[in-house]
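Okay, structure first, notes after.
Only the coordinates and a few stated rules stand behind these numbers; no lab work does. On a predicted model such as this, the values are computed, not experimentally measured, just so you know. As a convention, Cβ positions derive from the backbone with ideal geometry for all residues, glycine included, and neighbour counts pool all protein chains shown.
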Amino acid sequence: MLKEFRTFLLRGNLVDLAIAVVIGAAFGAVVTALVRDLVTPLIAAIGGQPDFSDLSFTINSSKFLYGEFLNALLSFVIIAAVVFFFVVKPVGALLDRVQTGEAVDEPTRECPACLSQIPFAARRCAFCTEEVGPATPPAAAATPA
């Protein structure tokens, strides 16, 4: 049972997921610090009030603290804008630059390791990086003599 647990922990996609969570948390901390320390004071310099948590109204002795909601909503919009303009757009532009053109119509063969289609002349699979060796030419059609 311990061997199975070790195998489960060392599976590639589980390790990749753990790395993504750690990197995501670190990135979240960076974006939060950017918003809290740079963007919010800039809005306060323009608008005059950086914190809305004291805003409220009362109906029949019930106090509604809508200022906290405004703070959370504003933080969400700012974080979404920062992520969009400083991450999504630049990464999209980078991917557009490095993206190859349309696929050339060439004969392909199947990678024996991952079953992806690779160019006939390939010696290594582009998907799983397994060495596939030189391709054997397709069998010539036998002609009657």
>> For the range 50-68, which positions are touching a strand residue (DSSP E or B) at 6+ places or on another chain (Cβ under 8 Å) and either of a type in the set (Phe, Trp, Tyr) or surrounded by 13 or more Cβ atoms within 10 Å (Cβ to Cβ) (or both)?
In response: Phe57, Phe64, Tyr66
> Counting just the residues of the range 69-83 that are over 18 Å from Ser53 (Cβ atoms) and surrounded by 14 or more Cβ atoms within 10 Å (Cβ to Cβ), which one comes out nearest to the chain's Cα centre (by Cα)?
Replying inline: Val83
>> Let me confirm something: among Val30, Val21, Val15, Val35, which residue is part of a helix (DSSP H, G or I) and in contact (Cβ under 8 Å) with a residue 24 or more places away in the chain?
In response: Val35
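In this structure, is Thr32 more than 23 Å from Thr129 (Cβ to Cβ) and surrounded by fewer than 10 Cβ atoms within 10 Å (Cβ to Cβ)? Show your work before the answer.
Numbers: more than 23 Å from Thr129 (Cβ to Cβ): yes; surrounded by fewer than 10 Cβ atoms within 10 Å (Cβ to Cβ): no.
No; evaluated as a whole, the condition is false for this residue.
Is it fair to say Ile46 is more than 30 Å from Phe127 (Cβ to Cβ), out of contact with any Asp or Glu (no Cβ under 6 Å at 6 or more places or on another chain) and surrounded by 12 or more Cβ atoms within 10 Å (Cβ to Cβ)?
Details: more than 30 Å from Phe127 (Cβ to Cβ): yes; out of contact with any Asp or Glu (no Cβ under 6 Å at 6 or more places or on another chain): yes; surrounded by 12 or more Cβ atoms within 10 Å (Cβ to Cβ): no.
Criteria not met by Ile46.
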>> As an exercise: evaluate Ser53 against (1) assigned to a strand (DSSP E or B); (2) in contact with a Gly (Cβ under 9 Å, 6 or more places away or on another chain) and give the number of the one condition it does not meet.
In response: (1)
> Out of Ser61, Ser56, which single residue is out of contact with any Ser or Thr (no Cβ under 6 Å at 6 or more places or on another chain), small (Gly, Ala, Ser) and at positive phi?
Replying inline: Ser61
